[in-house]
Structure formats: structure tokens, C-alpha cells
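What follows draws every value from the coordinates through simple rules; no lab data is involved. From a predicted model like this one, the values you see are computed outputs, not experimental measurements. Counting neighbours? That spans all protein chains shown, and the Cβs are built from the backbone with ideal geometry, glycine included.
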Amino acid sequence: MGDIKPPSGAAGAPAAGQREYFSDDPRDIGWVKQNVPCQTACPAGTNVPVYIREIIERQFGRSYETNREANVLPGVLGRICSRPCESQCRHGWPGNGEPVAICHLKRVAADMKDAGHRITERLYSPTGKRVAIVGAGPAGVAAAHDLSLLGHDVVIFEREERAGGMLRYGIPEFRLPRDTLDIELHNALRLGVQVRTGAEIGNGAGQIPMTKLEKEFDAVLLATGCMAASPLPLAGEWEKRELRGLEGVEYGLDFLVQMHRGVKKVVGKRVAVVGAGFTALDCARVAARLGAQEVTIHIRTAEEYIPVTQEEIFEAKREGVRIKGLRTPVGLTVEGNRLTGIEFVQNRLGGWRAGGRRQAIPIEGSEFHEPCDTLIVAIGQQTVNDFLGTKLELDRWGNVRVGEDGMTSHKGIFAAGDYVNGASTVIQAVGHGRKVAKRIDAWLMGRERRRQVVRIVPVEQPLRERAFDFIPRQHMPVAPLGERMKDGAHEVELGLDEKLAFEEAKRCYLCNLRYQIDVDRCIFCRACIEVAPRNCIKLVRGVEVNDDGAYGKLLETKEWNQVGAIWIDNNECIRCGQCFKACPVQCISISRCELTEVEV
């Protein structure tokens, strides 16, 4: 307890003069997963504290590479990530202030690296194995990147004329500039990945059958995402009526994809968007740029439950978009074949649904009408399976079912991203694509070639100051309203400059720093407890061990005859270093602990 030497089971101990070692001890792996909540929450496992610290050191290129090791597309995700890390950030816990702007700092690393920055990656020798990937979206690109590094020949088949999937054809340019996307895709696919655009998989004329891929490649990865818009469920006479032929009705996914293919889109003066996700918000903001005089988003519950970032909602409102809640569409009004309005029923909030959302309960007799000229339906997307010549096992939502190894019910065919999980986020697709790529490599090579360990590096002095805890969150500069609304290409968020970035980076608690007390040297003077600004140093009689071998609950005590150790609760620690400075016998050590992979 409190020993900073490598525990039994560690991958190796430091030799004399060596400054780091690697550990596969479950106590070390468990410590990182418990105490670095931002990294644990990231589907790609991005090493957040390290890349933020590198920004403080103004090592922007190194920070960019730390990001690329995990999320592959830092310049893209620094703009459009859904930010699951920030909701878990310890700085945002009660009493600690607002979360660190982790996403904005990711963009800082991409924007501020030197123009001549050289990407360096560890490559494996060629394996002679060939992998076909269907779909050049975020999951397919992430998997292709990793598989190419591992020495496999990779060919991506993409039906559109350019790679990027929903990054290019679903996200508006004012959120994701296309030159940034092109650079990031080039960086990810530059190591020999062949991208065949305009190549559609299927059984029709001019299409490439799946059976051909199975014959020519050692493995096939399906990463086609969710490319079919979910239909709008209505009541009464509209329940089974097809809406696509109705003038003035658009499906959000089709609306955005067609626009990004070059089709000129036109909307009426009054635009109603039904939906509560990023696609709905994007459609509303695009409609405002196309000249709509009134744009309204209609949602079933309340604004506070919309699963998008608050900044996106705020900017949409600045652009004139209104959000109206507690309503469900039940019918349409038309004149001839043209839409004139929507029939809604009023809702009230019910209990919580699985997944953390509230129920919307319709109120009997509360139907009302709202006029509109254009309706954009953006309530979700679904997978499409009609291109498969091989029948695969599907789940009840129509998504392909895969095992723990990422393989479908057909040997040699794998699947990743939204095609497996349903409509999700870019970072989830990237994380799943990388995970399945590792499974494909293990299947092709007959063994896993990389395993997860913890790199532990001694740190000589505290890296934070207590004053950093009181720095407020630095807000993202944005383009003036008049400029951004001129066209759909003017980027709204302008990026943090170096001064703002430095201030924001200082706020990070650097949760990967582990403070430990050597119980053999501790004299129980309580000096560390006296200077601690939080209840983070505790008298304990023992520490529970979880089933996975990681440390669990601290068994605190107030009786000195029961005290086994003075223990630093890293879950409460804000890494201010006050205890380290106050200790008269220097029994407190600091080490940087980070998850990494090593060759097996």
C-alpha cells in the first residue's frame, strides 16, 4: 500500500537511471480508467491530459500526434466531436467549475502545429494480407489507417465521388471546412490505402458484388453507416402515406447529402424541422442560410434534453432558429400536393427512458396546427442492407449483428461503426472502427500483436498551481452574424488563439498524475491533510480490491489505532501539489500514468 515500485505482475521494472517502465498490473490499468475520466469516456481512448499538457509546453505538433494515435482525425474532431469527455471532466464536477474545453484544445493542436509538421508512425512489415473496406466514412477511414500501419494492403470502396462519408456529405461546411477534412483524410490514408470512389457494392448493373470482394480479399469490413432516413410516424390517414412525393417535404439526411453532392436546394419562407439531434440542428441552420424567414425546430420533449452541445444550440439561436418543445407531429395539411402545415399534439414530460432521455406523453385533446412551407424530417437514420449478396444475421433494429471479435455471422466479413451500432457520433464511429481493426488483425495473423499496458513515468515536481483552479473557461471566438450568414461555407467557430489556448490548457487537472504516499517513510504528521484544499487525503485502515484486480473503495477511519496508512484519494485530488510541498520527509511521489500499447 503506497509503494511506488512496480507491483507484482508489472511488465517490467525500471533499471538504474531509467525514467519509465511499463505495467500490465490490473491495479495500474484500473487506476488510469478510474482516475482519468475524460479518457475513459472517449470512445477512441484519447490521452487527453497528455495532449493538453503538451499545449501548455507549446509542443503543438506533439500534441497533434498524441491525438492522432487515438482519434485519427484531430482537426475534424476538434470541430465536430460530440464531446463525451467533457461531461465527465473532473473540473466540471460539483464545486469545481465548468469542464475544460477539451474539444477546442484538440483543434488548437491541429491548427497551431507547424506548417512543415512531419507525421511519424510506427509501421509493421507487410503481411501479404488484403482487406476490403466498404465505406469511406469515419469508421472505415479509422480502420483503414490502423490496418495499413499493421502491414496489410487495404482497399476502400466508396460509392460517392469523394471519401469522407457523413463528414463530407452530412455535416455543413460552416461546421467542418472541406480543406481541413481533405488534409485529415490524406494524413489518415497516405500509407498505401487505395480508395476507389464511385464504386458501389451491390448486385445491380455497374455494381460490385460482395462475392467478388470475398474472393479477392482475405477479410471484408462493412462500414457503410446509416444512410437511410427514418420515416416520420404519423397518425390517422397519414400513418402509411409516403411523404417523399409531397411538395415541400424533405428528409434531413437526403437534404444534406443532395446539397453536398451539388444539388441546389430551395426552402420556403417558413421552415419546420422535426428532430432533436445534430442533423436536425444542421438542417435548421442550413435553411436559415438558404433564405428562410422563419426556422423552427419542433421536439417531443424539452430543449434541455436535446443530445447536442449547448454551444451548437446557442449559435443556432443567434442565427434566428427557434426551438419549440413538448410536441409530436401527428398529421399534415396540404393543398393539392403541396404542404401547408403540420398537425401536432401537445406532450407532457413523463419518466426517464433507457439511455437517459425523458418520456413524451401526449395530452388527449391537445391537437393544434402550425402553418409552414417546408418540412424537414430529421428524426434519425437507419442502416441499409440491400447491397449484401450474402445474408447476415441482423438485430431487431436491422443493424448487422457482430461477435466480440467484430465478425458478422459470415466468416471473414466484419462490420464497424454505425452499421453495427445504429446512428451514433463521429468519435464513436472512429473508436469502434479502430477496435474492429485490431480484431481483424488478430484474426488474419492468428494472434493479437498489441496489448494494453500503463506507461509510468516519474515526475519530479507538481505541474500545476493552485491558482489555475480559478481560471474561468475560455469561450470560443465566433464569426460575426453578418459574415457567417452570407453563404454556407463561412466557418462559424474561429478557433482559440495561443493566449486563450494557454489559459484554457492550464485549467486541466492533469488527472493522469498519480500522487502516492510511501507508508514506510510517512511519519503521520498530518501536514499534508492540513494543507489540502479538498478532502482528498484520508486516514484509512485498508483498501478494497475489485474483481478485476483494481483498487476499489477506501476504508476510512477516524480512530488512530486503526489507521494503516494516510492515503491520497486520487478521485478527489486536483493535483495542486500542496501536499508534495508540505511533506517534511518527502514521502510523497508523483508519477505520470498513461495507457498505451506495446507489441506482444
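Observations, loosely collected:
- Each Cα pair under 8 Å and six or more residues apart adds its separation to the average, and for region 440-544 the resulting relative contact order is 19 percent.
- 3J(HN,Hα) from dihedral phi, region 409-419, Karplus parametrisation 6.51/-1.76/1.60, rounded to Hz, x for glycine, proline: 6, 10, 4, x, 10, 10, 8, 8, x, 5, 5
- Based on alpha-carbon atoms, the Kirkwood radius and the radius of gyration of region 463-600 give Rg/Rh equal to 1.17.
- Multiplying the residue separation of residue 349 and residue 451 by 0.36 nm and subtracting their alpha-carbon distance yields 32.1 nm.
- Here the alpha carbons of region 273-316 define both size measures, Rg and Dmax, at 10.0, 28 Å.
- Residue order, fewest to most beta carbons within 10 Å, for 387, 502: 502, 387
- Applying 1/(1 + (r/R0)^6) with R0 = 22 Å to the Cβ-Cβ distance of residue 359 and residue 397 gives a FRET efficiency near 0.65.
- Surface/4 of the Cα convex hull for region 220-321, nm²: 8.8 nm²
- The value of relative contact order for the chain, using C-alpha pairs under 8 Å at least six residues apart, is 18 percent.
- Region 230-379: antiparallel DSSP beta bridges as a percent of all, rounded to 5: 50 percent
- Think of each Lys and Arg Cβ as +1 and each Asp and Glu Cβ as -1; about the Cα centre, that makes the dipole of region 372-419 roughly 200 debye.
- Volume per residue for the chain equals 179 cubic angstrom (convex hull of Cα atoms).
- Mean-position separation - Cα centroids, region 67-84 and region 352-384, in angstrom: 30 Å
- Taken one residue at a time, the phi angles of region 81-88 give Karplus couplings (6.51, -1.76, 1.60, θ = phi - 60°) of 5, 7, 6, x, 5, 6, 5, 9 Hz. Gly and Pro are set to x.
- Taking every DSSP helix (H) stretch of at least 4 residues in the chain, weighting each as -39,500 (n - 2.57) and dividing the sum by the residue count yields a mean residue ellipticity at 222 nm of -8000 deg cm²/dmol.
- For region 6-138, the convex hull drawn through the C-alpha positions has a volume of 195 cubic angstrom per residue.
- Listed peptides 138-145, 53-60 appear in the order 138-145, 53-60 once ranked by packing, highest mean of other Cβ atoms within 10 Å at the front.
- Selection from 37, 351, 525, by position along the positive dipole direction of the chain (Cβ): 525
- Protection proxy ranking, peptides 194-204, 369-379, average beta carbon neighbours within 10 Å, highest first: 369-379, 194-204
- FRET efficiency for the residue 161 to residue 186 pair, using the beta carbon distance and R₀ = 25 Å, is estimated at 0.95.
- The amide H of residue 267, built 1.01 Å from its N in the peptide plane, has no neighbour under 5 Å, considering only residues 5 or more places off or on other chains.
- Beta bridges by DSSP in the chain, antiparallel share as percent, to the nearest 5: 60 percent
- Each residue in 105, 77, 189 was given a count of other beta-carbon atoms within 10 angstrom of its own, and listing them fewest first yields 189, 105, 77.
- Sorted fewest first by neighbouring Cβ atoms within 10 angstrom, 91, 475 come out as 475, 91.
- Directionally averaged projected area (region 45-115, Cα convex hull): 4.5 nm².
- Alpha carbon centroid spacing (whole Å) that separates region 158-214 from region 489-522: 35 Å
- Computed 3J(HN,Hα) for region 476-491, one whole-Hz value per residue from the Karplus formula 6.51 cos²θ - 1.76 cosθ + 1.60 where θ = phi - 60°, is 6, x, 10, 5, x, 4, x, 6, 5, 8, 5, 8, x, 9, 6, 5, glycine and proline marked x.
- Separation of region 126-143 and region 529-596, taken as the distance between their Cα centroids, equals 45 angstrom.
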